[in-house]
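First comes the structure, then the notes that go with it.
No lab work stands behind these numbers, since they all come straight from the coordinates. Everything numeric here is computed off the predicted structure, so don't read it as measured data. FYI the Cβ positions are ideal-geometry reconstructions off the backbone, even for glycines, and counts take in every protein chain you see.
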Amino acid sequence: MTQASVSAVPQSAPVPVAIPLRELLPWAVFGLLLALVLIYFVGAEEGAVSMVSGQNVHEFVHDGRHLLGFPCH
């Protein structure tokens with residue numbers, strides 16, 4: 001019996017796929033708005049600038065505030 005010879009087939013380099021800016025921009029804006037809302041609720045949702053009455057939001061994000069370096073008391 002003879003062994004089949006394996007021939008090396010040259011492979012072409014991978015071609016990068018261009019992502020159009022028009023497809024990326026709505027997701028980037030959405031991510032930015034989501035980040036701003038998150039930063040507001042973690043960093044500023046208490047006291048005079050509070051949009052939600054009571055301490056429920058503050059207590060929910062309390063440990064996250066300290067983890068991110070926001071003072072709260």
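Key figures
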read-out: Residues Phe70, Phe41 arranged by fewest to most Cβ contacts within 10 Å; value: Phe70, Phe41
read-out: ³J(HN,Hα), Karplus 6.51/-1.76/1.60, whole Hz, each residue of the stretch 13-21, x for Gly, Pro; value: 5, x, 9, x, 9, 7, 9, x, 4
read-out: Cβ-based exposure ranking for Val61, Val52, in which fewest neighbours within 10 Å come first; value: Val52, Val61
read-out: Chain lengthening between Leu68 and Val29 when straightened (0.36 nm per residue, less Cα-Cα); value: 11.8 nm
read-out: Fewest-first sequence of Ile39, Ile19 by Cβ atoms within 10 Å of each Cβ; value: Ile19, Ile39
read-out: Computed lengthening from Glu59 to Arg22, 0.36 nm per intervening residue step minus Cα-Cα distance; value: 9.4 nm
